[in-house]
Amino acid sequence: MPAETGLDYQRARKNMVQEQLLQRQIHDPRVLRIMGQLPRHLFVDEALAGLAYTQATLPIGKGQTLSQPYTVARMTEALLLTGDEEILEIGTGSGYQTAVLAALSRRVFTIERIPGLAELARQRLRRLGFHNVSYRIGDGTLGWPELRQFDRILVAAGTPIVPENLTKQLTIGGSLLIPEGDEHKQQLLRIVKLNAETLQREVLENCRFVPLVGAQGWREQSKPVRPVVAKTNSTPWWKPERGGVERSERNYPREPI
Ligand code: SAM
């Protein structure tokens, strides 16, 4: 098979915007423009580059995934960015969503718990010329404690509860986008901080993400990740930290929708 050229990728990006974003009611011109320009194929392994502009959720290593283009666009659009925001992102992953956010805001502070993924993302973004991103390796459910508050927070992994540390780090008027639910499916929530005491919750749509693993999310256990469907009484390798639904049947990871 002949190697794909820059022109092929350009065409693939154009089709992606047309067929996956515009046709699914993504209308923000800034989101459409940046996703039509950003080389998504550079955020996945070379062997998967040909799938980068399809609807597929793609593996990025360490059992994690890069969400399909629609999900990235939907979440970005829902943040209602004007270009002047400081954003906290939890779950850097490949760095693709980070790049979209960085192109549309003043600065992105991104946290990833898996060092290998964080380092690869940092290299990609630096190569692409993004200089308004700060990186951190650690548990994003705790927020970025040394820093003040953020205008927007985007969580790219599913949680049984909304971490309190994150709502605390929102500015008044700021919004937090987070998938909340059990391990099978979640609802994408937009939480707006109306004042110091009041949070407004809005359900945007159903979704399915890999788990948010941390002190205020799902608890990781020492058991290694096994991607097979196991017996119903098997021990899961992760459990809800508090208030969540305990999984009983399958071992993570599975691909989000
Ligand atoms: N949006 C990313 C992209 O564009 O590639 C994909 C994010 S992936 C669906 C979710 C990421 O969240 C994974 O890389 C996972 O390691 C990370 N993650 C899970 N729990 C986390 C936590 N407590 N703190 C930081 N990152 C976390």
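The values are calculated or read from the model by the stated rules, or taken from the named source; none is laboratory data. Keep in mind that this is a model prediction, so the values were computed, not measured. Backbone-built Cβ (ideal geometry, glycine too); neighbour counts: all protein chains shown.
Worth a mention:
- Among residues of the range 61-95 being within 17 Å of residue 41 (Cα to Cα) and in contact with a Pro (Cβ under 9 Å, 6 or more places away or on another chain), the one that is farthest from the ligand (Cβ to nearest atom) is 68.
- Checking 166, 194 one by one, the residue that is farther than 20 Å from residue 61 by Cα, surrounded by fewer than 12 Cβ atoms within 10 Å (Cβ to Cβ), touching a Gly at 6+ places or on another chain (Cβ under 9 Å) and modelled with pLDDT of 95 or more is 194 and no other.
- Single residue of the range 184-211 satisfying the filter (among the β-branched types (Val, Ile, Thr) and part of a strand (DSSP E or B)) that is nearest to the ligand (Cβ to nearest atom): 191
- Within the range 97-107, the residues that satisfy the criterion of being out of contact with any strand residue (DSSP E or B) (no Cβ under 6 Å at 6 or more places or on another chain) and near the ligand (Cβ under 10 Å from one of its atoms) are 97, 99, 100.
- Filtered by the rule that a residue be near the ligand (Cβ under 9 Å from one of its atoms) and over 23 Å from residue 58 (Cβ atoms), the range 108-156 gives 136, 138, 139, 141, 142.
- Within the range 10-39, residues that are in contact (Cβ under 8 Å) with a residue 60 or more places away in the chain have Cβ atoms under 9 Å from residues that are buried (at least 18 other Cβ atoms within 10 Å of the Cβ) and small (Gly, Ala, Ser) in these pairs: 30/103; 31/73; 34/99; 34/103; 35/73; 38/99; 38/103; 39/52, counting only partners at least 6 apart in sequence or on another chain.
- Of the candidates 129, 173, the single residue that is without any contact (Cβ under 8 Å) to a residue 60 or more places away in the chain, part of a strand (DSSP E or B) and over 17 Å from residue 67 (Cβ atoms) is 173.
- Of all the listed residues (137, 111), the sole one being in contact with a strand residue (DSSP E or B) (Cβ under 8 Å, 6 or more places away or on another chain), surrounded by fewer than 21 Cβ atoms within 10 Å (Cβ to Cβ) and of a type outside the set (Lys, Arg) is 137.
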